[in-house]
Each structure stands twice: as structure tokens, then as C-alpha cells.
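What follows is a single structure, written as C-alpha cells, with notes after it.
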Amino acid sequence: MSEPHGVREYLLAFADDEHLMGQQHTEWIGVAPFLEEDLAVSSIGQDELGHAALLYELVLDLEGVEATDLALDALAFDRPSHGYRCCHLVEYTTNDWAEALVRHWIYDTFEAMRWQLVAGSSLPKLASVARKALQEEAFHRRHADALLDKLLDAPEARDRILEALGAVYPLVEGLCEPVEGEAAAMSAGMAAASTADLLEPLHQAIEARFGRSDSIGSRTASLQNRQNRRTTRSADFDPLLQRMREVLDYDPGAVW
Amino acid sequence: MRVYEVFVKKDGRNEFRHVGALEAATDELALVLAREAYLRRAEGDRLWVVRRDHVVAAPGDFVDPNADKPHRHHDGAAVAARRMAARQSPG
């Protein structure tokens, strides 16, 4: 696989994860458990969408396309579903706030590690986006940790959180599964290590946060078992993309 | 949940100003949520949250008697009025 193609795939996987995660957070506006949480979670969603936009810009740079709003929208919203490179964790439609919170913590823990990997990227713009994002991620984690500190301390809430962990946990491995082009992207100096190398530290962080829980069950030691999860879409993807495109589809040619 | 009062200080100014209140379960959550609710547009550079039940509040009529002490206002209006009256008096 050629380097530019590998780099594109790598950036696209990162951008698509951020885009979908941001969208998922924003869907809590108005329905989060309390008003202050509405604001916090949508603010975090905005940050993730901001990261996605910056990463999509890098993809357009690579293609030699000027990063106009229309070009960014086309890349973010107009691909056929097989053109997306997101993981199934960010596609997943959560059943309740507990699942959303657990995913928020797991995703942001992983995301901070992922930004670390590109903080010294050979692509200067990517390295500079990483510096900005890492500052924001510290607060995202602090928000999720502050909630979990309180909830894991109360027996009933703890049960619900661990149940939610059980639902979300099977999707963790796919989060760390790299795209096919990652090796080429790494040889171009894009990242310091493979996304797959984050699986073990992520497992350890999850255990440190939630304890050795029955809901986790047996964990996979490494990513032996590649399933090309970033090139196949889960059942939740299409409805999600439809919700994301809802306004855009009213008038596809509209200029904002 | 507890109610917290939120205070923000702007860069270059000395005083913290009260900007609102919020509900939170812990001190840490109060800080994190205040950051998003009141500082998301960088409205200040320092933040205090204070538990409302830690505020020492005076009863409502605490300062009422001081409302009727014009001699403590040093805007000169009382003296000026007396001088004006003295000038206009025939003697």
C-alpha cells in the first residue's frame, strides 16, 4: 500500500472516530440527566467535532483539495457507508446514560493515548492539532472521572455502571484495531506506534478504573484476531449517519 | 446534590464576581461543570465554587436600620443645602 494512501486511511480512521463520537455526545443535548451535564457533554462533543474538522482538513490537504466548508462537509457526510473508517464503539447506539458515560470514559482514555502517538508526527499540522487536543482531553477525562468517582461509590449506581461496561466492553478491541494502511502511515513517520499497541494499556486503565469486574469477562491479550472492523459497518451506523445528515438532506446544495 | 455558587475572576481584575449557581454531587464535579457552564467562552481566568450552605448569610433585616443615616453619605448634598439656605436667608 502506498504511503499517501496509508496516511489518508490513518487520518480518516482518526477523524471518523472523532466525528461520530462528537455526534453521539451532542445527542444528549436536552436529555442528559441534569442541566449542567447537558452543557458539559455537548461542550465535549463540540471539542471532538472540532478535532474531526481539523483531521478532515489534513485529509483534504493530502488530496490537494482546498478545505472549504463544502469540501469538508462532502468528506464528513457524503461518503458511502463503506467509505468510513470509524470503529464500532463510536457507532454504537447506547441504551442509557450509564453506557454513554462508560463509553465517554473509555473513548477519551484511548483518545488521549492516540494523540500522544502523533504528538511528534512528521506531519507538523498533525502534531500541532495533537497539542491542542491533548489539553482538551485532560478535561474530558476529568469530567468522566468526576462522575465515575461518585457513581462507583454508590452500590446501585455501581451495578448500573458495571452493567454498562459489560455492554460496551466487547467493542474496545475494535477501537484499537488499526486500518490496513497504518503500517505505511507509520513508515511515513505519522505515528510513534501502532494503534494496536494501545490495547494493553487501555485494558490496564479500564481495570484500574472499574476493577476486575465479571462484566469484563476474559479479555483478549492482543489483536491477533483481525476482523477488519474499520471497513465494515455495524447495524447502528446507517441510522446514525441518517441522523447526522438530517438537516443537510433538506437542502443538499445550501450554502451556510 | 448540593448547590454551589460560582465566582469568576477576569484577567487583570482584582475581584471575583458572582456569575451564577449550579447543582453538583461533589466539589470536583462542581468545578468541572462550572467550567463548562460559565467559562466555555473563556469569560474569566480564575474560578471559585462555594457551597451555598457554607456561605455565612445575614438575616434579611440585618442592614435595614442603616437605610436612614444620611449623615454617613459624604456626597456634600446636606452641607450644600444648608449653605444655600443660609445665603438666601435675609439675616
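Here, each number is a calculation from the coordinates, and none is a lab measurement. Just so it is clear, the model here is predicted, and its values are computed rather than measured. In this analysis, Cβ positions are derived from the backbone assuming ideal geometry, glycine residues included, and neighbour counts consider all displayed protein chains.
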(Q) Please list 3J(HN,Hα) in residue order for the range A:88-105, calculated via the Karplus relation 6.51 cos²θ - 1.76 cosθ + 1.60 where θ = phi - 60°; whole Hz, with x for glycine and proline. (A) 6, 4, 7, 7, 4, 8, 6, 8, 7, 5, 4, 5, 5, 5, 5, 4, 3, 5
Q: May I ask you to sort B:16, A:14, A:110 by Cβ crowding, counting other Cβ atoms within 10 Å and putting the fewest first?
A: B:16, A:110, A:14
Q | Extended-chain gain in nm, criterion 0.36 nm per residue less alpha-carbon gap, residue A:235 and residue A:78 | A | 54.7 nm
Q | Per-selection Kirkwood Rh - chain A (Cα, Å, 1 d.p.) | A | 18.7
Q: Sort out the exposed loop trypsin sites (Lys or Arg not before Pro) in chain A (DSSP loop, at most 13 other Cβ within 10 Å) and tell me the longest stretch that has none.
A: A:1-211
Q | Rg ratio (alpha-carbon, reference 2.2 N^0.38 Å) - the range A:115-170 | A | 1.61
**Q.** Mean separation of Cα contacts under 8 Å, 6 or more apart, over the residue count of chain A: relative contact order %
**A.** 27
Q) Can you list the HN-Hα couplings for the range A:157-174, worked out from phi with the Karplus curve (6.51, -1.76, 1.60; θ = phi - 60°), rounded to whole Hz and with x for Gly and Pro? A) 5, 4, 4, 5, 5, 5, 5, 5, 4, x, 6, 8, 4, x, 8, 5, 4, x
**Q.** Out-of-range pairs (alpha-carbon distance over 30 Å; input A:125/B:9; A:150/B:9; B:9/B:69)
**A.** A:125/B:9; B:9/B:69
Q | 5 angstrom amide H check on residue B:2, placed H, neighbours 5+ away | A | B:24, B:25
**Q.** Long-range amide H partners of residue B:44 with built H, under 5 Å
**A.** none
Q. Order of A:169, A:10, A:92 from fewest to most other C-beta atoms within 10 Å?
A. A:169, A:92, A:10
Q) With each label point set 7 Å from Cα along the Cα-Cβ vector, what nm distance links residue B:87 and residue A:200? A) 9.3
Q | Top of A:93, A:109, A:68 by mean-square fluctuation, Gaussian network on chain A, Cα under 10 Å | A | A:68
**Q.** Order of A:210, A:77 - criterion: other Cβ atoms within 10 Å of each residue's Cβ, fewest first
**A.** A:77, A:210
(Q) Test of understanding: in a Gaussian network model of chain B with alpha carbons linked when under 10 Å, which of B:64, B:45, B:27 would top the mean-square fluctuation ranking? (A) B:64
Q) To the nearest Å, what is the center-to-center distance of the range B:7-27 and the range A:1-30, using C-alpha atoms only? A) 36
Q) Using 1/(1 + (r/R0)^6) with R0 = 25 angstrom and r between the beta carbons of residue A:192 and residue A:5, what's the FRET efficiency to the nearest 0.05? A) 0.75
Q. Counting partner chain Cβ atoms within 10 Å of every residue's Cβ in A:34-44, what's the average?
A. 5
Q: List the trypsin sites (Lys or Arg not before Pro) within the range B:36-91 that fall in a DSSP loop (any state other than H, G, I, E or B) and whose Cβ has at most 15 other Cβ atoms within 10 Å.
A: B:40, B:41
